[in-house]
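Remarks on the structure that follows.
Readers should treat all values here as calculations from the given coordinates under stated rules, not as data from a laboratory. Computed from a predicted model, the values in this text were never measured in an experiment. Cβ sites come from the backbone with ideal geometry, for glycine too, and all protein chains shown count toward neighbours.
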Amino acid sequence: PLPAGTQAIIDTQRLYHAVWHPGDKPRYCLITSWESAPELEQYIEAGNPITRIESPPVPAEELAEAERRAAERAEQAPKPEIMSEA
């Protein structure tokens with residue numbers, strides 16, 4: 001999770017899939033720039049950015065539970081129908 005009030009800027013010039021959020025409620029505001037330019041750098045620098053935030057440690061059992069739930073969801077998800085003439 002991001003600390004309250006955090007703003008994240010993602011330069012998507014080389015990033016094709018910017019965000020995934022499975023919920024139906026808003027989570028974060030995502031502003032993207034499809035092109036890097038000096039103006040983007042100036043905008044970022046004007047905000048006195050903090051480029052590193054210490055992440056709290058996540059207990060191993062919580063990570064394992066999250067992985068288990070993700071695998072369970074993947075197993076229950078509809079399988080795509082792949083049609084190819086190749």
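Here the extension length gained between Glu54 and Glu81 equals 5.5 nm, from 0.36 nm per residue of separation less the Cα-Cα distance.
Other residues whose C-beta falls under 12 angstrom from the C-beta of Ala74 contribute a net charge of +1, scoring Lys and Arg +1 and Asp and Glu -1. Between Ala4 and Lys25, the distance separating the two model label sites (each 7 Å from Cα on the Cα→Cβ line) works out to 1.5 nm.
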